[in-house]
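*Asks:* This is the structure I want to talk about, given as structure tokens.
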Protein chains: 2
Amino acid sequence: MTPARADASRPTIAVFDSGVGGLTVLRAIVERVPNADYLYFGDTARLPYGSKSRETIARYAIGAAQFLQQKGATLLVIGCNTASAMALYDVKGAVDIPVIGVIEPGADRAAEISQSREAVVIGTEATVAAHAYQRALARRGFATHEKACPLFVPLVEEGWTDHAVTEQVARIYLAEALKASSVHIDVLVLGCTHYPLLKNMLRRVLPANIAIVDSAETTAEAVVEELASNSRERKQGGTLSASAKGGGIEGPSFHFYVTDSADKFRRMAPIFLGREVENVEHVDLGG
Amino acid sequence: MTPARADASRPTIAVFDSGVGGLTVLRAIVERVPNADYLYFGDTARLPYGSKSRETIARYAIGAAQFLQQKGATLLVIGCNTASAMALYDVKGAVDIPVIGVIEPGADRAAEISQSREAVVIGTEATVAAHAYQRALARRGFATHEKACPLFVPLVEEGWTDHAVTEQVARIYLAEALKASSVHIDVLVLGCTHYPLLKNMLRRVLPANIAIVDSAETTAEAVVEELASNSRERKQGGTLSASAKGGGIEGPSFHFYVTDSADKFRRMAPIFLGREVENVEHVDLGG
């Protein structure tokens, strides 16, 4: 595929998450689309979404999406499995820009690599309770076992990504998941954006015949496809040169909005994004 | 001390917490004051407060306190260490009823039992960052070491109160805390309302010469004192019989308000309260 930046106008790509986890998705997108302006919204005053009801999550997600559209986003990524599971269609109905969630790209990737069509999905309680991956995978012919792993997020946020305690917790969770599911399982889907930081450790704990689907990476690939598709449409409409205001190779720009402490976000973000962050602005979207 | 119920009108005691943890405080109060009407407000849509800024916590706490006063509370307990640490005086300024936090009673108890005047306080990141216990204990002549234990709440909520992983995490946290503090430490203050459920396990892990202060119990004792003091004032003013509308022994009544799923609260509450709960009502206080 031709890189999106070669023939598309410079996009403004917004990533929305309940906290810092969506930064793993942002990182994966930036690696593939470096020539873009990035907005990130972390709803850190109201995290975690994982323990909240669908109604509450939909209300929060719509508020964030409309805010990001007002700030100039031309493409919105819901970089949060809970919000993608519970509020993707609410958000699509509330804004006028393309919206990409993290569920469908992960399910597509699982379908590409699985022979047995039997998968385990791990995620927060809410993602699992919403059965969004189960439904998305069922549409692709999968039998799926879902397993909530509520300790993984606090363990990652404690910085214990490669810690003996985290590995012990992973062994317990994965043993429970595999015991409760089919012996033919050949895919484990990381259904939470914190989990890519546990991928190396999970790889050690997991049987070698089970592949890992990292939904941050698969979502980033869906963004590249969306940008390429937009670019083709513009070419067909003959509007490329008019809209290609940012066709040069300038590298990414970043603007971060958080609903709680900007300082705390600045401290934690590098763990997830792999770079220091500037332009962190506190915003209050109310209820 | 004469039990409050023997000579006070039947009080309406409200306990406010960010979630279910304050139920350990409610339980300790009910054991001491069974003849009262209880209101409990769990701000479950916006938990945990532990990761939020002072401004956000104060706004949420004031909203909850005013709601509970409107519902008829005659005494308000902030059964949440983070909110007590960050918003006690904001709440006191926003309502007309007595307000009791969990910090001062715990500090009083530590002062009663400590010989060395050196203590360790464990709590959430926000409680520790606010240094509320450190200041409260310093006023009583203590040198204090504070240690954030962010994994304890999710471990308790996972139900792993007596689990090998939780004990391993406790050994790591307590070893770090004791290594960083004085050898003369003789008190450990449980600065989070989830931690009473870990008390038996912590007792095993902790050196025998270190006493544990359970702030749920000490707060309940402060409530008993406040009720007795009110009762004495009423007697002196000659208004006892007019206000003693509920002087009989009727046992407690309960009404629970939560900002997120009532079902989830109903499922988790018995772990903390030690009894099944009814009268759980969902409320939305907005931002």
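The values are calculated or read from the model by the stated rules, or taken from the named source; none is laboratory data. Predicted, not measured: the structure shown is a model, and the values here were computed from it. Positions of Cβ are backbone-derived with ideal geometry, glycine not excepted, and every protein chain shown enters the neighbour counts. Side chains included, ligands, DNA and RNA excluded: accessible areas come from the protein's heavy atoms. Shrake-Rupley method; radii C 1.70, N 1.55, O 1.52, S 1.80 Å.
*Asks:* For the range A:128-153, how many residues are in contact with a strand residue (DSSP E or B) (Cβ under 8 Å, 6 or more places away or on another chain) and more than 14 Å from chain B (Cβ to nearest Cβ)?
*Replies:* Selection size over the range A:128-153: 10.
*Asks:* Is it the case that B:VAL99 is more than 14 Å from chain A (Cβ to nearest Cβ) and in contact with a Lys or Arg (Cβ under 9 Å, 6 or more places away or on another chain)?
*Replies:* The answer is yes for B:VAL99.
*Asks:* If you don't mind, there's one more thing I want to ask. Just to verify a result, which residue in the range B:151-168, among those that are modelled with pLDDT under 95 and of a type in the set (Val, Ile, Thr), is least open to solvent (accessible area, probe 1.4 Å)?
*Replies:* B:VAL156
*Asks:* Quick check on the range A:195-207. Is at least one of its residues under 24 Å from A:ARG54 (Cα atoms) and open to solvent by 60 Å² or more (accessible area, probe 1.4 Å)?
*Replies:* Step one: list which residues in the range A:195-207 are under 24 Å from A:ARG54 (Cα atoms), which gives A:195.
Okay, now just the ones that are also open to solvent by 60 Å² or more (accessible area, probe 1.4 Å), so none.
No, every residue in the range A:195-207 fails to be under 24 Å from A:ARG54 (Cα atoms) and open to solvent by 60 Å² or more (accessible area, probe 1.4 Å).
*Asks:* Take B:THR82 and tell me if it is assigned to a loop (DSSP other than H, G, I, E, B) and either buried (at least 24 other Cβ atoms within 10 Å of the Cβ) or away from chain A (no Cβ under 14 Å) (or both).
*Replies:* no
*Asks:* Only residues that are of a type outside the set (Val, Ile, Thr), closer than 21 Å to B:GLU221 by Cα and touching a helix residue (DSSP H, G or I) at 6+ places or on another chain (Cβ under 9 Å): list them for the range B:93-113, please. It would help to see each step written out before you state the result.
*Replies:* In the first step, residues of the range B:93-113 are kept if they are of a type outside the set (Val, Ile, Thr); the result is B:93-94, B:96, B:98, B:101, B:104-112.
From what's left, closer than 21 Å to B:GLU221 by Cα: B:98, B:101, B:104-112.
Across the range B:93-113, the qualifying residues are B:PRO98, B:GLY101, B:GLU104, B:PRO105, B:GLY106, B:ALA107, B:ASP108, B:ARG109, B:ALA110, B:ALA111.
*Asks:* Next up: Just name the residue that is farthest from the chain's Cα centre (by Cα) out of those in the range B:267-280 that are within 14 Å of another protein chain (Cβ to nearest Cβ) and open to solvent by less than 90 Å² (accessible area, probe 1.4 Å).
*Replies:* Filtering the range B:267-280 down to residues within 14 Å of another protein chain (Cβ to nearest Cβ) leaves B:267-268, B:280.
From what is left, the residues that are open to solvent by less than 90 Å² (accessible area, probe 1.4 Å) are B:268, B:280.
Numbers: B:MET268: 17, B:VAL280: 20 Å.
Here the answer is B:VAL280.
*Asks:* Checking B:ALA64 against (1) among the aliphatic types (A, V, I, L, M); (2) away from every other protein chain (no Cβ under 14 Å); (3) surrounded by 24 or more Cβ atoms within 10 Å (Cβ to Cβ), which test does it fail?
*Replies:* (2)
*Asks:* Same structure, new question: Being more than 12 Å from chain A (Cβ to nearest Cβ), among the β-branched types (Val, Ile, Thr) and buried (at least 20 other Cβ atoms within 10 Å of the Cβ) is the filter here, so list the residues in the range B:169-188 that pass it.
*Replies:* Scanning the range B:169-188 gives B:ILE185, B:VAL187.
*Asks:* Of all residues in the range A:99-150, which are in contact with a Pro (Cβ under 8 Å, 6 or more places away or on another chain) and buried (at least 24 other Cβ atoms within 10 Å of the Cβ)?
*Replies:* Passing the criteria: only A:THR124.
*Asks:* Name the residues in the range B:124-178 that are assigned to a helix (DSSP H, G or I), among the basic types (Lys, Arg) and under 18 Å from B:THR218 (Cβ atoms), would you?
*Replies:* Selection gives B:ARG135 alone.
*Asks:* While we're on this one: Report the residue count in the range A:154-168 for those that are at the interface with another protein chain (Cβ under 8 Å from one of its Cβ atoms) and within 20 Å of the chain's Cα centre (by Cα).
*Replies:* The total comes to 3.
*Asks:* Can you tell me which residue in the range B:21-46 is modelled with the lowest pLDDT, limited to those that are open to solvent by 10 Å² or more (accessible area, probe 1.4 Å) and within 14 Å of another protein chain (Cβ to nearest Cβ)?
*Replies:* B:ARG46
*Asks:* OK, next. Taking the range B:248-266, which residues are of a type in the set (S, T, N, Q) and within 14 Å of another protein chain (Cβ to nearest Cβ)?
*Replies:* Listed by number, the residues that qualify are B:THR259, B:SER261.
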